[in-house]
1. Give me the 1.4 Å probe accessible area per residue for the chain, excluding ligands and nucleic acids, in Å².
2. Which pairs in the list 3/196; 146/175; 152/175; 88/165; 216/277; 19/312 are over 21 Å apart, alpha-carbon to alpha-carbon?
3. What is the dipole size for region 259-313, taken about its Cα centre, with +1 at each Lys and Arg Cβ and -1 at each Asp and Glu Cβ, in debye to the nearest 20?
4. Express in nm, to one decimal, how much length is gained between residue 87 and residue 100 on full extension, taking 0.36 nm for each residue of separation and deducting their alpha carbon distance.
5. With runs of 4+ DSSP H residues as the only contributors, calculate the mean residue ellipticity of the chain at 222 nm using -39,500 (n - 2.57) per run, divided by the residue total and rounded to the nearest 500.
6. Could you tell me the calculated FRET efficiency between residue 382 and residue 34, based on Cβ-Cβ distance and R0 = 30 angstrom, to the nearest 0.05?
7. Go through 307, 67, 183 and say which Cα lies farthest out towards the positive end of the charge dipole of the chain; charges sit on Cβ, +1 for Lys and Arg, -1 for Asp and Glu.
8. If you place +1 on the Cβ of every Lys and Arg and -1 on the Cβ of every Asp and Glu, how big does the dipole about the Cα centre of the chain come out, in debye to the nearest 20?
Amino acid sequence: ELKEIVFVIQSQSNSFHSKRAEDLKRDILKQAADLGKELPTVLLIHQMDGHEGAWTILPLMKDFSVTYSRNSSWIFFCEEDTRIQVVKLLETLGRFDGSKEWFLGKALYDEESTIIHHYAFAENPTVFKFPDFAAGWALSIPLVNKLAKKLKSEPLKSDFTIDLKHEIALYIWQKGEGPHLTPVPEFCTDDTSSSKTDHCATTFRNFLPLCGEPVKKEDVFVAVKTCQKFHGDRIPVVKRTWEREAALIEYYSDYADISIPTVDLGIPNTDRGHCGKTFAILERFLNRSSARTPWLVIVDDDTLISIFRLRKLLSCYDPSEPVFLGERYGYGLGTGGYSYITGGGGMVFSRAAVQKLLASKCRCYSMDAPDDMVLGMCFSGLGIPITHSPLFHQARPMDYPKGYLSHQIPISFHKHWNIDPVKEYFTWLAPDTEESLNGKKVGYNREDL
């Protein structure tokens, strides 16, 4: 029965995202009503009280177990852009015995061991499968109850959340004592309009969000963090690739080099974090750049980014709201903790967010503290939620499963290790690859990687 499924949408409190999640909730409930079925429970993650780490899902298992174990059979998780055919989902879940422990999803796997998964399964990373959240994934209630019991006796460790889908699969697997992911072919990430989706219970709207005209080039100020030792190898890559997409760009260094040119902020380079440098950039943006520039992007000198695509994405956000946007990581979220935007993929700030941050007393606890984590702590303390986009990436394209990137139009990647960064940029991010991402071959072919 449909009422035995609890739908959980990975929603966010930002106005753009919460509206999309509400639209999906309405669609699920309308399909249920049209079937004449009793309406299922549909939960929005961002509305679940008391959990800064609700998006990491495991802290919610106790609540799910207590509240839904008596009358439900499945918890079904999806993203705000997942599209669900309710009748087909009922048929698909009906193939599985809900009284047993099941972990269902569309399987992803690493083709080689990767830093974002701490080089897990280094001998053969393809053996470990984890779910593509975009396709939706499901846990049977007996498995939810088992996880809740385990979490009660062994609370989550206070460490990092980097790639949630992989970490949840590892936790459920329990070093081989728990269930593996069972691949379900009806959980799909093909575009809703694709002819290949007749069998699918789920599809995914795989496009770059655009909510009107892209924001103007002059409305995005780009700050590149660099230092003298990288002026010769990293900055030329920026200049050969994405610099031309930025109307307003400055390079911030520990040395003024007029050939680039760089701005010396008077802050020495450190081998650890760059908190002092980042806060100096924020101050400069507020005090020196035009008061009309609504958006600030801070990137590393080895970040590859499409400002062209970012301008499209930013059309969906209101710069008068405090927006702090990028790829979300977490620290210590099982025991309180906070979320933060990881710096390598690029950190995007609305002017309103910078104003609220600098008006507060929150600052670096040391000049070489990790800037992204300090910013996460500060915004958490101010009650300003960070906004996650999976289109920003802290690592290289090769560090992600091909199946995961296949339904993305990415905005950024990070690091130059063992790759040709110029080729990677033109393969994945250059404006003239827009067509190739829609199936036409232009420039480098993504499949060559």
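1. Values: 19390 Å² over 449 residues.
Per residue, the chain has 43 Å² of solvent-accessible surface.
2. Details: 3/196 29 Å; 146/175 15 Å; 152/175 19 Å; 88/165 24 Å; 216/277 27 Å; 19/312 18 Å.
Beyond 21 Å between Cα atoms: 3/196; 88/165; 216/277.
3. Values: 8 positive and 6 negative charges, 87 e Å.
Rounded to the nearest 20 debye, it is 420 debye.
4. Values: separation 13, 0.36 × 13 = 4.68 nm, distance 2.21 nm.
Contour length minus Cα-Cα distance gives 2.5 nm.
5. Values: 13 runs with 124 residues, N = 449.
That calculation yields -8000 deg cm²/dmol at 222 nm.
6. The calculated FRET efficiency here is 0.10.
7. 67
8. Working: 52 positive and 59 negative charges, 142 e Å.
Rounded to the nearest 20 debye, it is 680 debye.
The values are calculated or read from the model by the stated rules, or taken from the named source; none is laboratory data. Note that the structure is predicted; figures quoted are calculated from it, not measured. Quick reminder, even Gly has a Cβ in these numbers, built from the backbone with ideal geometry, and neighbours come from all protein chains shown. Each accessible area value is taken on the protein alone, full model and side chains, heavy atoms only, with ligands, DNA and RNA left out. Shrake-Rupley method; radii C 1.70, N 1.55, O 1.52, S 1.80 Å.
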